[in-house]
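**Q** Please see the structure below; I have some questions.
Please treat every number below as a calculation from the coordinates, not as lab data. All values reported here derive from a predicted model rather than from experimental measurement. Every residue, glycine among them, receives a Cβ derived from its backbone with ideal geometry; neighbour counts consider all protein chains shown.
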Amino acid sequence: MVDWNRIYRLLNDVTPLPVDCGKLCGAACCSEWEKGVGMYLLPGEETMFTMAEDWLIWEEHSTKDYEFCPTWSGVVYFVRCNGTCPRDKRPFACRIFPLAPYLSESGDFKLILEEGAALLCPLVKAGDMGILDRRFLSRARLAWEELIKNPLLKDEVIWESRRRDRLAGEPWKRLLER
């Protein structure tokens, strides 16, 4: 069982840069930069919220209707916010942005930049993890190391890592290179 309160506390007071990185991009990741954009909560994370929170719009998606890790089944929660959330309540995906977990086939864990955010986030576009705050990286790593102890979440990280491996050689990726 994941202690979501602990996971959230780990990331409460750290951000990708020691300064407000939203000033670089006009807080693009905290806005509806594309109609309907939001994030999936990880299984169990919904316990950190109530469906009555006025800053969140909830959707229930069936794992049968969308592409999810095969071991996930049932309902997955998708949330959208109005661009202003209580900072201490922001979802996990917001807390670790622009990072993603990666597990190699041999089981080595690391954090990588979320390539899908390259057109949105200047930090991803820079392509240099070294510019990110070390405290942020350390806490994000601790959070993910805790999360992947949960078999369901580890399955998701493995599944997504293999998807990333398959896409690594795709020709379209060269479009994102400098």
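**Q** With a cap of 13 neighbouring Cβ atoms within 10 Å, and only residues DSSP puts in a loop, list the trypsin sites (Lys or Arg not before Pro) found in segment 58-110.
**A** Hits after loop and neighbour filter: K64.
**Q** Something else about it: Nothing charged except the Cβ atoms of Lys and Arg (+1) and of Asp and Glu (-1): what's the magnitude of the dipole of the chain about its Cα centre? Round to the nearest 20 debye. Walk me through the intermediate numbers first.
**A** Working: 25 positive and 28 negative charges, 110 e Å.
The calculation lands at about 520 debye.
**Q** For semi-axes √(5λ) of the Cα gyration tensor in Å, the listed values are (1) 38, 18, 14; (2) 26, 18, 17; (3) 23, 21, 18; which was obtained by calculation from the structure presented?
**A** For semi-axes √(5λ) of the Cα gyration tensor in Å, the calculated option is (3).
**Q** Here's another thing I want to ask about it. So if I take the alpha carbon set of segment 1-63, get Rg, then get Rh from the Kirkwood formula, what is the Rg over Rh ratio? Let's see the in-between values first.
**A** Numbers: Rg = 14.3 Å, Rh = 14.4 Å.
Radius of gyration relative to Kirkwood radius: 0.99.
**Q** With point charges of +1 on the Cβ of Lys and Arg and -1 on the Cβ of Asp and Glu, referenced to the Cα centre of segment 10-69, which listed residue (L56, T15, M39) lies farthest in the positive direction of the dipole?
**A** My answer, from the dipole projection, is T15.
**Q** Here's something else I'd like to know. Mind checking the full-extension length gain between D165 and K23? Use 0.36 nm per residue of separation minus the Cα-Cα distance, one decimal, nm.
**A** This chain segment gains 47.9 nm when fully extended.
**Q** While we're on this one: Sort the following peptides by mean Cβ neighbour count (other Cβ atoms within 10 Å, averaged over residues), highest first: 159-167, 39-47.
**A** Going from most to least packed, we get 39-47, 159-167.
**Q** Compute a Gaussian network model of the chain, connecting alpha carbons closer than 10 Å, and tell me which residue from G38, G74, G116 fluctuates the most.
**A** Result: G74 has the largest fluctuation of those listed.
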